[in-house]
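Every number in this text was worked out from the coordinates using simple rules, so none of it is lab data. Nothing here was measured: the structure is a model prediction, and the numbers come from that model. Using ideal geometry, Cβ is built from the backbone for each residue, glycine included, and neighbour counts are taken over all protein chains shown.
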Amino acid sequence: MRFSKTNRETARIFVENRLSYFNKFYKFEINRVAIKNTSTRWGSCSSKKNLNFNYKIIYLKPYLADYLIVHELCHLGQLNHSKKFWALVAKAIPNYAEINKELRKIHIKLV
């Protein structure tokens, strides 16, 4: 898979659609969404309310991509991995723990 303009735009449309879907429930303020070609992270969230996602999210199974999107979205409410953070994630993804384990087994470089 190459990081191309097409892949970036496909990922942007996908991520923004899923963020919109999940954020109807959470109602968090999002400053900016970026699609990047990172080598070690699927996504990140900054204190400036910027969400970043790896373009390869479009190659994940839909439930893994949804988990990843919800995970980063919930960091807008809790910028940590506290019990409060995981409670936020669980509202949309009740089986987040098993999905997280599965996602951790997938190496970005091999996708």
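Structure above, values below:
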quantity	calculated
Candidates Ser20, Ser4, Ser82, Ser39 - the one that is more than 16 Å from Val111 (Cβ to Cβ), more than 13 Å from the chain's Cα centre (by Cα) and of a type in the set (Ser, Thr, Tyr)	Ser82
Matching residues in region 95-110 - criterion: being surrounded by 10 or more Cβ atoms within 10 Å (Cβ to Cβ) and not in a helix (DSSP H, G or I)	Asn95, Ile106
Count of region 1-15 residues which are in contact with a strand residue (DSSP E or B) (Cβ under 6 Å, 6 or more places away or on another chain) and closer than 29 Å to Pro94 by Cβ	3
Residue list for region 24-51, filter: touching a Lys or Arg at 6+ places or on another chain (Cβ under 8 Å), more than 17 Å from Asn80 (Cβ to Cβ) and in a strand (DSSP E or B)	Arg32, Val33, Ile35
Scan of region 23-56 for residues that are of a type in the set (Gly, Ala, Ser) and touching a Cys at 6+ places or on another chain (Cβ under 7 Å), ordered by number	none
Residue count, region 67-111 (criterion: under 20 Å from Ala34 (Cα atoms) and either touching a Phe, Trp or Tyr at 6+ places or on another chain (Cβ under 9 Å) or acidic (Asp, Glu) (or both))	15
